[in-house]
1. Looking at the range C:45-55, which of its residues are in a loop (DSSP other than H, G, I, E, B) and at pLDDT below 95?
2. Check whether at least one residue in the range B:168-180 is assigned to a strand (DSSP E or B) and under 27 Å from B:R308 (Cβ atoms), and report yes or no.
3. Kindly indicate whether any position in the range D:266-282 is farther than 19 Å from B:Y253 by Cα, of a type in the set (S, T, Y) and assigned by TED's automatic domain parsing to the domain that holds D:R132.
4. Residues D:Y279, D:Y283: which one is within 17 Å of D:D175 (Cβ to Cβ), touching an Asp or Glu at 6+ places or on another chain (Cβ under 9 Å) and of a type in the set (S, T, Y)?
5. If you go through the range A:188-208 one residue at a time, how many are without any contact (Cβ under 8 Å) to a residue 40 or more places away in the chain, crowded, with 21+ Cβ neighbours inside 10 Å and not aliphatic (A, V, I, L, M)?
6. Quick check on my filter: what residues within the range D:270-296 are assigned to a loop (DSSP other than H, G, I, E, B), more than 12 Å from chain B (Cβ to nearest Cβ) and either β-branched (V, I, T) or out of contact with any helix residue (DSSP H, G or I) (no Cβ under 9 Å at 6 or more places or on another chain) (or both)?
7. What tally of residues in the range A:271-298 results from selecting those that are at pLDDT below 90, among the hydroxyl-bearing types (S, T, Y) and crowded, with 20+ Cβ neighbours inside 10 Å?
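The values are calculated or read from the model by the stated rules, or taken from the named source; none is laboratory data. Just so it is clear, the model here is predicted, and its values are computed rather than measured. Note that we place each Cβ from the backbone using ideal geometry, even for glycine, and neighbour counts take in every protein chain shown.
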There are 4 protein chains.
Amino acid sequence: MVRIGVLGCGRIGRVHADSIAATRGAELARVFDPIEASAREVGETYGAPWTTSAAEILDDPTIDGIVVASPTPTHVDLLSRGVRAGKAVLCEKPIDLDLARVDACRADLGDLTDRVMLGFNRRFDPSFADIRARVGAGEIGGLEQLVIISRDPAAPPISYIEASGGLFRDMMIHDLDLARFFLGDVVEVSALGSNLVSDEIAAAGDIDGAVVTLRGAGGQLATITNSRRCAFGYDQRLEAFGELGMLAAGNQYPTSVRFSGAARTEAGPPVLHFFLDRYTPAYRAELAAFIQMIATGAKPSPSFDDGRAALALADAANESLRTGAAVKPA
Amino acid sequence: MVRIGVLGCGRIGRVHADSIAATRGAELARVFDPIEASAREVGETYGAPWTTSAAEILDDPTIDGIVVASPTPTHVDLLSRGVRAGKAVLCEKPIDLDLARVDACRADLGDLTDRVMLGFNRRFDPSFADIRARVGAGEIGGLEQLVIISRDPAAPPISYIEASGGLFRDMMIHDLDLARFFLGDVVEVSALGSNLVSDEIAAAGDIDGAVVTLRGAGGQLATITNSRRCAFGYDQRLEAFGELGMLAAGNQYPTSVRFSGAARTEAGPPVLHFFLDRYTPAYRAELAAFIQMIATGAKPSPSFDDGRAALALADAANESLRTGAAVKPA
Amino acid sequence: MVRIGVLGCGRIGRVHADSIAATRGAELARVFDPIEASAREVGETYGAPWTTSAAEILDDPTIDGIVVASPTPTHVDLLSRGVRAGKAVLCEKPIDLDLARVDACRADLGDLTDRVMLGFNRRFDPSFADIRARVGAGEIGGLEQLVIISRDPAAPPISYIEASGGLFRDMMIHDLDLARFFLGDVVEVSALGSNLVSDEIAAAGDIDGAVVTLRGAGGQLATITNSRRCAFGYDQRLEAFGELGMLAAGNQYPTSVRFSGAARTEAGPPVLHFFLDRYTPAYRAELAAFIQMIATGAKPSPSFDDGRAALALADAANESLRTGAAVKPA
Amino acid sequence: MVRIGVLGCGRIGRVHADSIAATRGAELARVFDPIEASAREVGETYGAPWTTSAAEILDDPTIDGIVVASPTPTHVDLLSRGVRAGKAVLCEKPIDLDLARVDACRADLGDLTDRVMLGFNRRFDPSFADIRARVGAGEIGGLEQLVIISRDPAAPPISYIEASGGLFRDMMIHDLDLARFFLGDVVEVSALGSNLVSDEIAAAGDIDGAVVTLRGAGGQLATITNSRRCAFGYDQRLEAFGELGMLAAGNQYPTSVRFSGAARTEAGPPVLHFFLDRYTPAYRAELAAFIQMIATGAKPSPSFDDGRAALALADAANESLRTGAAVKPA
């Protein structure tokens, strides 16, 4: 039985608590949140002890792994204490909004980062993972072009936007990691942004739509199209194109029902709306990989360095947005 | 240059006139209709001579083939005169509403029926023909089950219904021939009918919906589902299922456009509505086969006997409807 | 907390044990199987007490409901003892293979059958249930035609076939119930069967493919097409057609990935193969309905009488198969 | 009867000759090609006079309009002489490879360019035109993002590439015009190119894959993805995304047939391969618009200035490719 503690009982912390509770072979050892009501509620929902002191989890030698799902500014501290305490860590993205701080953490921890897995859950989406495996197996020959379309149903509250680090570091970072999952190293980043969704977001200095083009080290080209708002739900698609063909992942629907009537034919239901519904199987598979990593001592994937690289791409996109020129990521 | 005369300038006669005019290597030699205005209009539209006397076509030695697109009761007479005059004949379905009269015609003409091709245009639909060819090539192994769904956008006028010979002989006869195209000989017919569309049709003594089940000589089962009315257009689909898989032909759309919005996703346009739009390529391919038959002297397919067999199935369906028992077709 | 006992630890008993274990608010109280190894294994897997004596469950006053997932011949006895012991019962289909015995049980239990829910899980499939609800809400106007296609990936072992009661009572009974879910009372049944899959099944006196046509009391027509073998997986589809349009449920796929290459385009993965994968959400929803029934004391749906009616349709199909005539179900 | 002459009997000239011959109300007046064999062959195929002297068409007062389908370097001369001779002109893209020469022609002809329609046939594709009309009608609210994917089945001969003006001016110019069709004026162009398809193309100094991002004057973002080679055929897709939803045009298939077997499900046939098959309806609709322009004296759309603007975008893309910076088109 692998015992896992969850640090942070917000929306994403609950997802992980739920996954752990539903996984045979794993046990939700304890949950932490500085807000007592949150900690208690999640603990009671899943029948697990709860605490308002992170140390109660970090210092507990019976706990094998921790999930860091607290606010971004606390990630570096908690993951560092976790690995120092000998625990495996599953850390939500981003490691930090400041690349320098990430690099400092990396230097500080050295090989201990080998115990840190990054929470890029989309790598574990069954459809994306299937495409990745088949590309790897050569089904489309050499990968040449990648098209990622990723749109949220609706923009988060402006308070969230303001602390998010901006669209590239908050939202597109998932797609940037997904692009790296397929392309490997990225050598060139070119970004355009737009403000067509929300005046409030513009006033906060952020964009609400963007197109980023990447070039992989092997010369492959990738585009990522983001929007903070999508009328028909959570639009999450990917196409991998190569010499021998294309593998494409479409949207996910709650049912297979299609309606045909006088005005429209074969009309489907709205796309799964909320990211937690869309990516439930991905979160489950991600947790299974984390447990596997604990059980076998294998190196994590995605790794701390993958988290660092995705952040560097987001920073490069920001620089390209500012300068109008293609940027080589740091 | 193959010279073809068209007998009958109604809706279906015009289709054939249009196909002939658009076919390089064919010439619309003359068109006939007893109604002068009809004959003149079609003739002038396609720049062809017109006449109100069928004999002007039947007796013209420069005409190689005729299309019989006149009212059903005239088919036997015109096709008989046509083949006797040494012409190839493309005869619209049905040969006649009376199976005895068809058999008499067959006995009368003997081998001359080898110059008669039946107008079962669906055999020439690119999708259905592709499936037939692939079934023949063994792509799904032995054929085991066939599902045909065939619904008209709207019922014809009641005056048409009254003279039509009923749903089985007028509408389903196309599907019965299509079933034979796949199954070969049919040994058992079982029919259920319904009156859910039109009180007028019920008052005329006909059904407006039906399900017919067929058993082929090889033991295969087929279902045909018909309705005289379909809100989303002309619903024409077919599935052939066998040991190794399934080949399915879906509906046809005027564009590939799909709309996704708050209420519906991937909604297509209404299905091609009118049978002439849906089956334009089939009519063209049918005419090409007729020209080929003229040019090579090959035996026609579908043949006179195919026309007879489809009518016998329609009659069997009527008998099954009346008796509630499965019927062996005559 | 609703406490539920499971009687029978075969394949289907495990499905229910798994559902119960995964349902917050429900507790797997105890599992029973006469084979100790089976009972122990399921009990240990789900951390529940296990027993080889059904009485330990039936006599336990702390148990609110039972799931009868034992072999068919034991259903009547166990469900009767269950309701007499004051428990709600979820009974797997069929109640019994003998309609007379079902009727005797009905007479014997009287209103106690109001505590028996039948395990027709397909009514709870999210896609089928969505169509049913939308038909009920009038989205397609009056229902006129229903097309059900239901094919198993592969035939069960011949030993299973021999004890199954035949294709209609074992396999199609699910589709017959689904048809009743849409049509209500059925007044006419017409069946054709085939033996194209397995010589062994033919030797056992059963068919391995079938088409059954039903007429509802409202005049609607339904077809059910079954096959014991399907190369591309578990083919489970339904179309409801009415005056205003059509609602169709397609197959379910493990991913949304489509491959396009030189020979084929937009090719999907095999359909979910095993009935437990395809209908997992249906089993979960079925259990939720059972728990709801226990919690509220509401009448079950599908009911004992629904189980009886589906069996009567299967018997009518058998009679139609034998006589070649349409049959009015008993 | 509108009389039209065709200048140039290469591949594209034949397409137009075929369209004219098939259009009631239009007459193929004469065809020209400096190569006698080409001129004769096309003339004889369509029963039209032919000539090796362009003047025979340009000086013929009975000819209402000309199609300029000759090699690009001759376009400016022939279109200028055509409009000066009082004829309407349908000129294939591009007007010229040299923007300065296009501007000089514009200055030279002045308002006479109002008689020149540009041959951007994709604006007339039924699916793209339908989306454009529906976007114009507000079906998706304000347009925000446009995704164009455009891949050729296979690269043309290297001799063609060398004279083509490069991927942006030869191939992507169609997509650049299509983007302008949706976005209106474009204010920013950012390009990345790749050489993954053909060493020969690289040796000729051209790219064989590209991603170009555009910003419209209204802030909308568009991406165009091109490849000179596509294993599954002629990949031509477009998505228009706005506040209220998305309109997407998928690929076109020769049939609606889908195959499901043990390894793959719902597999379609290869996409229509050759641009002439894919865009036949577009060429027909384009010609109809040209005839309409002749008949009504209306201004052409797309216009000479649209041809100039698309070329300016291609030049901007080339500059962005060279500099790595976003470029404002001239």
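1. C:G47
2. no
3. Scanning the range D:266-282, I find no residue that is farther than 19 Å from B:Y253 by Cα, of a type in the set (S, T, Y) and assigned by TED's automatic domain parsing to the domain that holds D:R132, so the answer is no.
4. The match here is D:Y279.
5. Residues that pass the stated criteria total 1.
6. Those that are assigned to a loop (DSSP other than H, G, I, E, B), more than 12 Å from chain B (Cβ to nearest Cβ) and either β-branched (V, I, T) or out of contact with any helix residue (DSSP H, G or I) (no Cβ under 9 Å at 6 or more places or on another chain) (or both): D:P270, D:H273, D:F274.
7. Qualifying residue count, the range A:271-298: 1.
Here is a yes/no grid of residues against (1) within 18 Å of A:F290 (Cβ to Cβ); (2) in contact with a Ser or Thr (Cβ under 9 Å, 6 or more places away or on another chain); (3) of a type in the set (D, E, K, R):
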position: A:R14; (1), (2), (3): yes, yes, yes
position: A:A17; (1), (2), (3): yes, yes, no
position: A:R24; (1), (2), (3): yes, yes, yes
position: A:E27; (1), (2), (3): yes, no, yes
position: A:E44; (1), (2), (3): no, no, yes
position: A:A48; (1), (2), (3): yes, no, no
position: A:P73; (1), (2), (3): no, no, no
position: A:L78; (1), (2), (3): yes, yes, no
